[in-house]
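Undergrad: Okay, here's the structure, questions in a sec.
The values are calculated or read from the model by the stated rules, or taken from the named source; none is laboratory data. These figures come from a predicted structure and were not determined experimentally. Cβ atoms come from the backbone with ideal geometry, glycine included; neighbour counts cover every protein chain shown. Just the protein is used for accessible areas: all its heavy atoms, side chains included, with ligands, DNA and RNA removed. Shrake-Rupley method; radii C 1.70, N 1.55, O 1.52, S 1.80 Å.
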Amino acid sequence: MKDQSQLILQFQQKDVKAYEKLYNLYCDSISGVVYNIVKNNDVAQEITQDVFIKAWNKADTYSAKKGRFFTWLLNIARNAAIDYTRSKKFKQSKQNLNADFFVDILESSSSLDSETNTIGLKEFVTKLGEKCKSVIELLYFKGFTQKEASEELDIPLGTIKTRNRSCIGELRTMLGV
Amino acid sequence: MNTKDYIASGILELYIAGSLSEKENEEVHAAIQENPVLLAEVESIEKAIIQLTAATKKDASYSFENIKNKLKVDETKVISLAKPTSTWKQYVGWAAAFILGSTLILSVLQNNKLKEQLASENSEKEILEAQIDSASTNLASAEKLITIFRDKDIISIPLGGQAVSPTSYAKVYWDKKTNAIYLDAKGLPEPPKGKVYQVWSLTLDPLTPTSLGTLDSFTADTNKIFTITNANQSEAFGITLEPAGGSISPTLEQLYTLGAVSS
């Protein structure tokens, strides 16, 4: 993935074409995470766009030392979405709050247009144990730290790490990555 | 820790999630820079997470075009206004920095000044406190003297100046109940070095002097009032100048003051 670090460098130099490539790599993932938090299509679209504009504007603050570029985007996205859920607008709308987990969204998902193996994923998550579902939900979709997840689920800190490792292992086997 | 154990620990999955501390992130970054196996593992995990999260999106993919326009708008704005704004902004920026800086320096200086002031005021306060303390002590002793002088049972005897020092004077307040005299010797000159005033009780017929002691602390004493025990049937009091240590009998040529008790 030498290409990717090159792209990131160009993006930091405000190269729009390079940014478009990065956008296409991560946009679906970021919008999925945002949707999972706000549970509204229009809002998810708006926030996803904001996330990528924000990332563009603060491109110079990204440093590979601090983590992966994807993780950096993920953090911006989760923060923006969570900020929204704390706003008056969201509290007034009170819509679609019944679907709590990414699992529910996946199971009800009708978007089969993407390259991602959505059907396979559906099968996968239905087979996933509750333990895996909650760990993945908190760590990847909600942005909990290891410690916060450990407190939320009331399981030891070390167990979060190993359990998550085996859950992601299953996912990778299924996806073949 | 070897590569296998490092991978098995699950830290790389947390690294992608963004759940690690800043320090841990830097450590993982350093580790994957050195070890291509770790890097490959990180990329695989990332790929899996990207696919999983992407699958939860409800809409079709959002087009980059929507954003592109907004990015471009920003860009043109920056270009067209670049020169004038940058110089203008620079000046304002420098001015603001200067104001901020000088305000900061000023407040630091002022703070130091205030601290110094506070310190000197504190020491002044201590001095004042000491003065008040000694003043109240003085006041207490002055009040004590006043009660003595006002006591109706106390006899006051003025001692007048004699040939050797006509301007000298003194006063004796004699409390017969307590057998004490209070000698006010303010009207005497400072004794020369090596000399000391000696107080005498006298009976007149025949003239018999009895020493009541020397005023060794005359120079040091500020109010020049001395309390002396006197159990004699004194008829007069006299003060003479004697060699240090005092004499057995008064040196009459050096008689400074003398006064008789009026009966």
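Undergrad: For segment B:32-73, what log10 I(q)/I(0) values come out of the Debye formula at q = 0.29, 0.35 1/Å, with one point per alpha carbon and no solvent?
TA: -0.91, -1.05
Undergrad: Another question about this same structure. Given the DSSP H assignment, sum -39500 (n - 2.57) over each helix run of at least 4 residues in the protein assembly as shown and divide by its residue total; what's the result at 222 nm in deg cm²/dmol, nearest 500?
TA: -19500 deg cm²/dmol
Undergrad: When the accessible area of each residue in segment A:161-177 is compared between its chain alone and the complete protein assembly (1.4 Å probe; ligands, DNA and RNA ignored), which residues differ by at least 50 Å², being lower in the assembly?
TA: In segment A:161-177, residues shielded by partner chains: A:161, A:165, A:172, A:177.
Undergrad: Check chain A for me: any Cys whose beta-carbon has no other cysteine beta-carbon within less than 4.7 Å?
TA: If one checks each Cβ against the other cysteines of chain A, A:27 turn up with nothing under 4.7 Å.
Undergrad: With a 1.4 Å probe and every protein chain left in place, work out the accessible area per residue of chain B in Å², rounded to a whole number.
TA: Ligands and nucleic acids excluded, the figure is 62 Å² per residue.
Undergrad: For segment B:194-258 and segment B:127-165, write down the distance between their C-alpha centroids in whole Å.
TA: Here the two parts' Cα centres lie 19 Å apart.
Undergrad: State the Kirkwood hydrodynamic radius of segment A:1-95 in Å, one decimal place, computed from all pairs of distinct Cα atoms.
TA: Answer for segment A:1-95: a Kirkwood hydrodynamic radius of 13.8 Å.
Undergrad: Can you pull out the buried accessible area for chains B and A, both sides counted, probe 1.4 Å, rounded to the nearest 100 Å²?
TA: So the buried area, both faces added, is about 5200 Å².
Undergrad: Kindly provide log₁₀ I(q)/I(0) values, in the same order as q = 0.06 Å⁻¹, from the Debye equation applied to equal alpha-carbon scatterers of the protein assembly as shown.
TA: -0.50
Undergrad: Here's another thing I want to ask about it. Determine the share of chain A's accessible area contributed by carbon and sulfur atoms, expressed in whole percent, with a 1.4 angstrom probe.
TA: 49
Undergrad: Continuing with this model, one more query. Classify segment B:155-260 as rounded, prolate or oblate, taking a ≥ b ≥ c as the square roots of the eigenvalues of its Cα gyration tensor: rounded when a/c is under 1.5, otherwise prolate if a/b is larger than b/c and oblate if not.
TA: The shape class here is rounded.
Undergrad: What whole-number value in cubic angstrom gives the convex hull volume per residue for the C-alpha atoms of chain B?
TA: 463
Undergrad: Could you tell me the relative contact order of chain B? Use alpha-carbon pairs under 8 Å, at least six residues apart, and round to a whole percent.
TA: Relative contact order of chain B: 13 percent.
Undergrad: Moving on to the next point. Of the cross-linked pairs A:127/B:47; A:17/A:54; A:65/A:142; A:39/A:66; A:58/A:131, which ones have a Cα-Cα span greater than 26 Å in the structure shown?
TA: A:39/A:66; A:58/A:131
Undergrad: Still on this structure, please answer the following. Classify segment B:3-124 as rounded, prolate or oblate from the Cα gyration tensor: take a ≥ b ≥ c as the square roots of its eigenvalues, call it rounded if a/c is under 1.5, otherwise prolate when a/b beats b/c and oblate if not.
TA: The shape class here is oblate.
Undergrad: Translational diffusion coefficient of chain A at 10 °C, 1.306 mPa s, Stokes-Einstein with Kirkwood Rh over Cα pairs, in µm²/s as a whole number.
TA: Calculated translational D: 91 µm²/s.
Undergrad: In debye, nearest 20: dipole of segment B:122-263 around its Cα centre with unit charges on the Cβ of K, R (+) and D, E (-)?
TA: 260
Undergrad: Report in % the part of the accessible area of segment B:84-137 that belongs to carbon and sulfur, leaving out ligands and nucleic acids; probe 1.4 Å.
TA: For segment B:84-137, the apolar C and S fraction of the accessible surface comes to 68 percent.
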